[in-house]
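Please read the structure below before turning to the comments.
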2 protein chains.
Amino acid sequence: MNCEILSVGTELLLGNTVNTDAAELSDRLAGLGINVFWHTVVGDNPKRLAEAVAIARKRADLIITTGGLGPTYDDLTKNVLAECFGRKLELHPEEAEFLKAWFAKNASTKYTDNNLQQAYLPENCTVFHNDWGTAPGCAFEEQGVHVIMLPGPPRECVPMFEVCAVPYLKGLAADVIFSHQIKVFGIGESAAESMLRSEMERMQNPTLATYAKFGEVMLRVTAKAPTEWAAEAMCRPVTEHVRDILGDKVYGVDVPSLEALALDIMREKGLTLSAAESLTGGLIGERFTALPGASAVFKGGAVTYCDEVKAALLGIDPALIADKGAVSFEVAAAMARGVRKAVGADVGLSATGLAGPDGDGVHPVGTVFVGLADKDAVYVRQLHLGSGRARVRQLAASHAFDMLRRYLQGLDIVPEQYS
Amino acid sequence: MNCEILSVGTELLLGNTVNTDAAELSDRLAGLGINVFWHTVVGDNPKRLAEAVAIARKRADLIITTGGLGPTYDDLTKNVLAECFGRKLELHPEEAEFLKAWFAKNASTKYTDNNLQQAYLPENCTVFHNDWGTAPGCAFEEQGVHVIMLPGPPRECVPMFEVCAVPYLKGLAADVIFSHQIKVFGIGESAAESMLRSEMERMQNPTLATYAKFGEVMLRVTAKAPTEWAAEAMCRPVTEHVRDILGDKVYGVDVPSLEALALDIMREKGLTLSAAESLTGGLIGERFTALPGASAVFKGGAVTYCDEVKAALLGIDPALIADKGAVSFEVAAAMARGVRKAVGADVGLSATGLAGPDGDGVHPVGTVFVGLADKDAVYVRQLHLGSGRARVRQLAASHAFDMLRRYLQGLDIVPEQYS
């Protein structure tokens with residue numbers, strides 16, 4: 001199946017909104033074994049939308065639209081798509097009831113007759129009820145082309161895709177698709193590829209592909225089989241083989257991120273966490289506490305963006321900073337130790353370094369020390385992360401979380417490459 | 001001029017990368033008065049790219065490509081575009097010299113003959129030298145269609161657009177376009193629109209348009225005139241009029257963000273900043289220190305994600321927390337006071353509240369208190385920010401920065417609506 005994602009919204013063409021929907025859906029479609037060959041964005045303009053639909057139906061057999069399902073006059077996706085595919089819009093009584101009940105409950109939002117527009121859907125479609133907002137989505141098939149319409153707000157689009165569109169798409173396929181995501185930190189994409197090249201070239205079903213994501217590599221193993229059980233069984237030995245080859249650089253399978261993995265393990269073991277941040281300025285705490293449930297593990301930390309604050313909040317000896325410099329192995333160690341004590345946590349993380357653009361005249365920009373302390377010991381990684389302020393900060397935080405997961409998994413916390 | 005942005009890269013179609021280039025360029029093109037009517041993404045596939053170019057040249061008179069200018073075999077944008085527009089690629093000796101020198105200096109990256117591919121550009125083009133990476137971009141005109149090719153990495157694409165493409169595009173127009181961005185916090189887009197509706201409908205040149213961005217509103221005033229001076233003079237009275245109508249909700253004109261404005265004023269006044277964060281978990285520090293030069297102002301802070309740490313790092317009386325609750329006016333005030341003292345800064349910011357998804361059984365999710373303390377006084381805003389963990393956290397941080405800018409601008413720090 002070849003898919004085009006057609007996003008509708010003038011706000012995207014004004015650069016007011018980034019098209020995260022297209023990326024989120026593409027990622028999930030790849031996992032279903034569906035090829036996404038085109039993303040298109042058009043504004044809230046019926047003529048240009050109709051032209052885009054005419055192009056899409058010639059080259060794709062699955063068109064997924066996002067946006068333009070709401071109640072205002074510039075929400076025209078359903079009208080235009082219905083017209084393009086020769087279908088009438090008809091009122092769905094169940095959706096109309098839902099909308100009236102929704103507005104009765106959400107008194108702060110005024111109900112107007114416009115809102116009922118959202119309950120009109122193309123005739124003979126599969127309705128995707130919206131549990132995350134108001135506008136329903138839908139799916140239908142016309143002359144060999146499948147059309148799926150989803151709302152634009154990511155908080156509605158992505159869950160509706162997962163809950164409603166995925167079962168619909170699975171129902172279309174004779175075979176079931178199953179995939180594993182193998183998550184890797186500490187090795188580049190090209191190195192991972194060269195270690196697995198023969199497998200990647202040889203295999204047809206399952207397939208194995210690599211994707212680089214900001215400091216990480218993700219490998220996707222995908223199998224097609226008549227049942228999910230059979231497809232999963234085909235993936236399993238490949239996943240094990242990749243683990244054998246890449247070793248403990250694999251941090252997990254089907255886990256969302258380093259920090260999410262660490263949160264799960266720490267919650268299970270009843271461990272608590274703290275962080276002392278210099279160059280990351282709060283990013284380690286921010287990323288960890290972005291996870292729901294973080295409060296069971298993360299007790300707090302200190303952002304020590306100048307030397308006095310390292311002394312004041314973490315009790316670091318100013319003589320140590322004067323002697324070794326704020327960007328040093330010793331200060332990273334003292335920060336990790338200091339924060340776990342100050343906060344009363346089981347584990348302390350730390351990061352100090354130069355994010356740039358300005359250097360300190362001693363170290364090149366991108367020099368970073370990341371530390372981890374528990375009650376018995378302290379570990380520090382020395383890193384050279386190159387340039388780009390935002391990039392260096394994100395990578396430094398990722399290394400802190402990689403040290404943490406290696407600590408929790410009982411592995412070498414500072415492998416040779418970082419010592 | 002009607003523009004299509006054509007992004008090339010399989011990583012975009014796999015959902016591995018979000019197409020931020022298209023959003024960034026669109027935002028800037030709107031400022032130049034150029035209509036962006038289409039975004040298209042295709043993979044590293046010559047046939048589908050050529051088909052996309054054929055569609056684009058029929059409907060657009062400006063095609064901007066991003067991506068596919070690098071040295072590897074799947075970088076094929078220049079080859080395909082050159083072929084579509086009937087131009088040969090020729091070696092640019094100056095770019096070849098630059099590449100050789102670059103690789104000599106960056107010893108960690110191996111030079112291969114492939115890299116010289118980057119110095120081949122369509123004949124008779126305007127070369128855009130890449131000061132942010134290696135692959136040059138370019139521009140040419142063929143049969144009334146202007147083509148601009150930019151590299152894919154946002155760190156190269158956006159500055160090359162600003163430094164090279166903007167002057168090129170300005171050179172094409174008979175008139176000069178000038179625009180102001182009026183930045184607004186504390187009022188919704190529809191409220192701003194209804195206050196300015198008559199102006200927005202009446203005006204032709206300059207034009208006035210509103211854009212909502214995550215908790216903020218931006219108004220763009222755009223004028224066309226034979227000289228920049230004349231266009232700027234046409235914008236000025238409109239900008240002043242908007243300021244009169246929206247009052248101190250306008251936080252600045254042509255400033256990037258609340259925190260960037262605050263950093264500039266504090267640096268100028270020699271003031272220092274600190275932050276005590278509960279629900280934001282480090283986000284206030286992270287956003288402020290994402291700005292280059294933040295270290296002149298931001299001294300540090302505490303992430304106090306549990307009650308004991310509020311006591312340990314900020315000296316808050318546990319009895320106060322027991323009495324009033326961690327999510328309270330009083331604790332927000334004590335956090336702001338406590339952090340400025342602990343860190344030795346002129347100003348302390350604080351945020352405490354419920355980001356969700358779980359509540360505390362007392363307050364609804366989205367209840368947030370944001371505080372600001374200086375040596376004389378403390379101010380607290382009480383907010384009801386609704387739901388969505390990431391959204392509530394970002395809005396809480398934005399309110400902290402809005403309090404700070406109002407403090408620095410000598411305005412009411414807690415206007416009636418938040419008290």
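Readers should treat all values here as calculations from the given coordinates under stated rules, not as data from a laboratory. If you're wondering where the values come from, they're calculated on a predicted model, not measured in any experiment. We place every Cβ from the backbone using ideal geometry, glycine too, and count neighbours over all the protein chains shown.
Per-structure values
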read-out	value
Rounded, prolate or oblate (a/c below 1.5 giving rounded, otherwise prolate when a/b exceeds b/c) for the stretch A:316-370 by Cα gyration tensor	oblate
Cα centroid separation - the stretch A:176-237 against the stretch B:322-339, whole Å	50
Neighbour cut-off at most 13 other Cβ (10 Å), DSSP loop, GluC sites (Glu not before Pro), the stretch B:112-198	B:E123
Chain A residue with Cβ closest to the axis mapping A onto B, distance in whole Å	A:G282, 2
Net charge dipole size for the stretch B:258-418 [Lys, Arg +1 and Asp, Glu -1 on Cβ; Debye, nearest 20]	300
Zone residues, the stretch B:172-190, relative to B:E199, backbone N less than 20 Å from point 7 Å out along Cα-to-Cβ	B:178-190
Within the protein assembly as shown, helix-based [θ] at 222 nm, where runs of 4 or more DSSP H residues each add -39,500 (n - 2.57), nearest 500	-12000 deg cm²/dmol
Beta bridge orientation in the stretch A:45-147: antiparallel %, DSSP, nearest 5	80
Per-residue average of Cβ from other chains inside 10 Å of B:271-281	4
Order of A:T112, B:T40 under a 10 Å beta carbon neighbour criterion, fewest first	A:T112, B:T40
Extended-chain gain in nm, criterion 0.36 nm per residue less alpha-carbon gap, B:A233 and B:A377	47.7 nm
Cα gyration tensor shape for the stretch A:2-172, rounded if a/c is under 1.5, else prolate or oblate	rounded
Free-standing Cys residues across chain B, given no other cysteine C-beta under 4.7 angstrom	B:C3, B:C84, B:C157, B:C164, B:C235, B:C306
Formal net charge of residues neighbouring B:A390 (Cβ-Cβ distance under 12 Å; K, R +1; D, E -1)	+4
Cα gyration tensor shape of the stretch A:176-253, rounded if a/c is under 1.5, else prolate or oblate by comparing a/b with b/c	prolate
Residue with peak Gaussian network fluctuation, chain A [Cα springs, cutoff 10 Å], from A:L261, A:L320, A:L372	A:L320
Alpha carbon centroid spacing (whole Å) that separates the stretch B:44-68 from the stretch B:387-419	44
Share, in percent, of DSSP beta bridges within the stretch B:258-418 that are antiparallel, nearest 5	55
Label 7 Å beyond Cα on the Cβ vector: B:E308 copy-to-copy distances, nm	3.0
Sorted by Cβ neighbour density within 10 Å, fewest at the top, the residues A:V365, B:V8	A:V365, B:V8
Degrees, to the nearest 10: B:189-202 long Cα axis against longest axis of chain B	50
Karplus (6.51, -1.76, 1.60) ³J(HN,Hα), θ = phi - 60°, over the stretch B:352-367, in Hz, Gly and Pro reported as x	9, x, 10, 7, x, x, 8, x, 10, x, 10, 9, x, 3, x, 6
Cut-off 13 Å between beta-carbons: net charge of the residues surrounding B:V176, Lys and Arg +1, Asp and Glu -1	-1
DSSP beta bridges in the protein assembly as shown [antiparallel fraction, %, rounded to 5]	65
Which of B:L116, A:L196 has the fewest Cβ neighbours within 10 Å, and the rest in rising order	B:L116, A:L196
Where Rh is the Kirkwood radius over Cα pairs, Rg/Rh for the stretch A:44-103	1.03
Inter-site label distance for B:E268 and A:R59 at 7 Å from Cα along Cβ, in nm	5.0
Estimated Rh, the protein assembly as shown: Kirkwood, alpha-carbon pairs, angstrom	28.8
Sequence-separation-based contact order of chain B, relative, with Cα cut under 8 Å and 6+ spacing, percent	10
